[in-house]
Amino acid sequence: MSALLLTVLPYLASPVASLEIVIDNQGSGCMVDRPFREAIDKFHNGLRQRIAKGEAEGYGPAREMYGLVYDCGLEEEARKEIKLPGYADLHHRGVTRFSGDYEGSAISALEEILETFSADKNSMRQVVYPKATRFGCSGRLRRNKKTGMRRMDWVCVYDKK
């Protein structure tokens, strides 16, 4: 159970370096489809890697921080947080929420929603908390009753150290 540490190393700066999703507690059964998990993981760890290298605008100088491991157990907690808001607080977890209406591809929409989510500095504090090591997310895709458009609502839960 070792954590992945993102550090400022020359090989990370090379264009061939890529992020790979690391999943733990798979036996507890991740329910979120792989393409959604990968998009969310890429957003989280891509931002954290840019911060570690000092390349993320508005996040200060380079600093060490852990890469986040996607945890299927925390995904289950995120699913419970959707059904029972406040559940994650009872278990001392960090929580972020993001949502939006969309047309077309759900994956493309998720990537766009994550980009607008990154403008929310309060939520970003949790995403970039350097001591966090694990997270899991759960989402709901549905039709917006007011507009008739499709809508996605996501919750991510993070460990707190």
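Please treat every number below as a calculation from the coordinates, not as lab data. Quick caveat: nothing in here was measured; it's all calculated off a predicted structure. Cβ coordinates were reconstructed from backbone atoms using ideal geometry, including for glycine residues, and neighbour counts include every protein chain displayed.
Numbers for the structure displayed
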read-out	value
Gain in span if fully extended, THR147 to MET31, counting 0.36 nm per residue against the direct Cα distance	39.0 nm
Gain upon complete extension [TYR59, SER99; 0.36 nm per residue less C-alpha separation]	12.0 nm
Compactness of segment 61-161 - radius of gyration and Dmax, Cα, Å	14.3, 45
Scattering curve values for segment 59-108, log₁₀ I(q)/I(0), Debye with Cα scatterers, q = 0.20, 0.27 Å⁻¹	-0.90, -1.03
At R0 = 22 Å, FRET efficiency that the Cβ-Cβ distance of SER108 and LYS83 yields, to 0.05	0.20
Calculated FRET efficiency for the pair THR116/LYS161, C-beta based, R₀ 22 Å, to 0.05	0.20
Radius 9 Å from Cβ of MET152, net charge of other residues (Lys, Arg +1; Asp, Glu -1)	+2
